[in-house]
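To start, the structure itself, in C-alpha cells.
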Amino acid sequence: MEKKTKIDAENGKQDLTITRVFDLPVELLFKAYIEPEIVEQWMGTKVLKLENKKHGSWQFETKDPHGNVVFKANGTIHEFIPGQKITRTFEMDNAPFDVQLEFLEFEKLTDDTSRLNMHVVYRTPELRDQMLKLPFEYGINMAHNRLQEVLNKLK
Amino acid sequence: MNLRRDVFQAIADPTRRAILLLVATQAMTAGVIASNFDTARPTVSKHLQILTECELLKQEQNGREIYYHINAERMKDVADFIEPFRAMWEDRFNKLEDIMKNYKGK
C-alpha cells in the first residue's frame, strides 16, 4: 500500500516533520482540526476544551472502559490563521516529557486536495527519539485497549 | 505485536546491540561471541537466547557447532523504528479523511 504519511526525522535533531496529502479541500481538512466532535472521532480522544484563537487553550482526555484516565494532554494556541496555520504547544499530563511546540500548516493543492505540514520541535534530540519510540513501546497496550472496547460493545 | 515490542526491548540493551554488530560481520559460535565480552558466559548465553527468540539471530548447525547468523530481514524491520509512529499518524489521518469525505457528502 502507498504510504501517504511521511515522517522526516534527521538523526541527532530535536525536531521532525509529518507530511500528509489529503483528498480533501483545505477548508475541510482545517475543519477536522477545529470542530471538537470531529477531532474526537479521528484522534480517538475526548475534547474537553478547544479554543481556536490566539492565546486560546486546548485539553484532550482519553479514558479506558473502566473510566480511568489513560491519556491527558493540554496546550496553548499561539497563532491561529483560519484555513492556513495553527501554532500550538502540546504537553502530556503526568508524563516525564517536556512540552513540545507544533507548527501546523494547511496548504491548498487543488480544489479537492490539500497538504498538511506538521513541524514538531522537542526540547532535546533524546526526547524526540523517545517520543518517536512511544507507539512502538505502547503498541501492545493500545491493541489491548481496543480489544477491550470491542469486547465491551459486544456485551 | 508482542514480538515487535520484545524486539524493541532486545535492541534497547547495549550488550545485545554489541552482539548484533559483532555477528553482523560474520556468523560465529556462542563461545567466540562470549570471548569478545568481559561479561560472564551464561549472561552472554542469555542475551543470545533473547536475540534468537526475537528472531534477530538465527542458529545454524555446522557439524558439532552451532553458529549464530544475523537475520537480515528482521533487522530491517527494527532499523526502521519510526514505522510504528508513522503508522499511528497514517491511521489517524486515514480516519480524518474518511470522516471529512462523508461530511462533504452531507
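Would a scan of the range A:39-61 turn up a residue that is crowded, with 18+ Cβ neighbours inside 10 Å and either away from chain B (no Cβ under 14 Å) or in contact (Cβ under 8 Å) with a residue 60 or more places away in the chain (or both)? There is at least one residue in the range A:39-61 that is crowded, with 18+ Cβ neighbours inside 10 Å and either away from chain B (no Cβ under 14 Å) or in contact (Cβ under 8 Å) with a residue 60 or more places away in the chain (or both). The number of residues in the range A:1-28 that are outside any loop (DSSP other than H, G, I, E, B) and either more than 7 Å from chain B (Cβ to nearest Cβ) or over 30 Å from residue A:63 (Cα atoms) (or both) comes to 9.
So which residues in the range A:34-49 are among the hydrophobic types (A, V, I, L, M, F, W, C), part of a strand (DSSP E or B) and under 13 Å from the mean Cα position of the chain (by Cα), if there are any at all?
A:47
Kindly check whether there is at least one residue in the range B:68-79 that is modelled with pLDDT of 95 or more and within 30 Å of residue A:120 (Cβ to Cβ). Spell out how you get there, then give the answer.
Going through the range B:68-79, the residues modelled with pLDDT of 95 or more turn out to be B:68.
From what is left, the residues that are within 30 Å of residue A:120 (Cβ to Cβ) are none.
There is no residue in the range B:68-79 that is modelled with pLDDT of 95 or more and within 30 Å of residue A:120 (Cβ to Cβ).
Considering the range B:7-55, and only residues there that are within 14 Å of chain A (Cβ to nearest Cβ) and surrounded by 15 or more Cβ atoms within 10 Å (Cβ to Cβ), the residue that is modelled with the highest pLDDT turns out to be B:54. For the range A:62-81, the candidate set comprises residues that are charged (D, E, K, R) and part of a strand (DSSP E or B); within that set, the residue that is surrounded by the most Cβ atoms within 10 Å (Cβ to Cβ) is A:72. Six or more apart or on different chains, Cβ atoms under 6 Å: show the pairs whose first residue is in the range A:122-138 and under 14 Å from residue A:14 (Cα atoms) and whose second is among the small types (Gly, Ala, Ser) and at pLDDT below 90. That search, which allows pairs on different chains as well, returns A:125/A:12. Counting only residues that are under 18 Å from residue A:70 (Cβ atoms), among the hydroxyl-bearing types (Ser, Thr, Tyr) and at pLDDT 65 or above, the range A:107-155 holds 0 of them. Looking only at the range B:24-71, filter to residues that are part of a loop (DSSP other than H, G, I, E, B) and among the small types (Gly, Ala, Ser); which one of those is farthest from residue B:14 (Cα to Cα)? Going through the qualifying residues, I end up with B:63.
The values are calculated or read from the model by the stated rules, or taken from the named source; none is laboratory data. Computed from a prediction, not measured in an experiment: that's the story for all the values here. Cβ coordinates were reconstructed from backbone atoms using ideal geometry, including for glycine residues, and neighbour counts include every protein chain displayed.
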